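See structure below.
The values are calculated or read from the model by the stated rules, or taken from the named source; none is laboratory data. Remember, predicted model here, so these are calculated numbers, not experimental data. Cβ placement follows ideal geometry from the backbone for every residue including glycine, while neighbour counts extend to all protein chains displayed.
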Amino acid sequence: MKLGDYTFTWTPEKWELPDEVRYSSYVKTYQGGAFFSWGTDIKGVEITLEWEFMPVAQYERLQELLRADAEVVWDPEMPDRLFVGTVTNGPFVVGGVVTDSTTGATGTISKVSSRDGLAYIEVTGRVGEFGRGNTITDDSDQQKSATIQTVDIVKRYNVEIQEVTGKVFEVVGTNQFYRRDVKVTLVIVSEADDELGS
């Protein structure tokens, strides 16, 4: 996992993917009421990362990022998963490059597996967006293809660091200091440019 140009030495033990929030309001009027909805948005949603323990060096680096008071990219560095139907000339092979025939999105297959009865491939280095219902093909001599049933993509976001907190803790029997009960709160500003892939 990365925050700006910093790759975490220890990844968080607890965190959740952000979801869009629906903004709405109900106003009572003399004869009833009016409901207003402004749709959904990801801006302003918080991402909380938590560690039970963290090396002091990592804690200090996160504090530096907080003090810089600048927008950075949060990248969970998780591969995209494309759940697919029957693979013609299959199965797909690790290392192959797949292309979405509708959007032109591309990515390199890093894993081929199955879950809950559906076959899926993990894709890294994605450029563009894969679409549900679209056909993907690989770059092999005997081209393999399949229809995308579901797209599970963990996006990158431009964020502001709202807080970094933790308690001082010394491990008994060593001279190594750690921070304990560390919590980092990020606030989403916008989706990050995805041309670098995931």
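Could you tell me whether any residue of region 173-180 is surrounded by 15 or more Cβ atoms within 10 Å (Cβ to Cβ), farther than 30 Å from M54 by Cβ and not aromatic (F, W, Y)?
no
Suppose we keep only residues that are in a strand (DSSP E or B) and of a type in the set (D, E) within region 133-158. Which one would you say is surrounded by the most Cβ atoms within 10 Å (Cβ to Cβ)?
D138
Suppose we keep only residues that are of a type in the set (S, T, Y) and touching an Asp or Glu at 6+ places or on another chain (Cβ under 9 Å) within region 114-132. Which one would you say is surrounded by the most Cβ atoms within 10 Å (Cβ to Cβ)?
Y120
Within region 1-90, which strands (runs of 3 or more DSSP E) (wholly inside it) include 2 or more residues that are under 30 Å from V168 (Cβ atoms) and in contact with a Phe, Trp or Tyr (Cβ under 6 Å, 6 or more places away or on another chain)?
The strands (runs of 3 or more DSSP E) meeting that bar are 46-55.
Restricting attention to region 50-95, which residues are over 23 Å from the mean Cα position of the chain (by Cα) and under 30 Å from Q149 (Cα atoms)?
G85, T86, V87, T88, N89, G90, P91, F92, V93
When you go through E160, E122 one by one, which is the residue that is under 30 Å from K183 (Cβ atoms), assigned by TED's automatic domain parsing to the domain that holds S190 and not small (G, A, S)? Before the answer, list the steps.
On the way: E122 fails: assigned by TED's automatic domain parsing to the domain that holds S190.
After applying the criteria, what remains is E160.
Would you mind finding the one in L17, L62 that is closer than 19 Å to E160 by Cβ and surrounded by fewer than 14 Cβ atoms within 10 Å (Cβ to Cβ)?
Within the list L17, L62, the selection yields L17.
For R179, state whether it is in contact with a helix residue (DSSP H, G or I) (Cβ under 8 Å, 6 or more places away or on another chain) and at pLDDT below 90.
Working: in contact with a helix residue (DSSP H, G or I) (Cβ under 8 Å, 6 or more places away or on another chain): yes; at pLDDT below 90: no.
No; evaluated as a whole, the condition is false for this residue.
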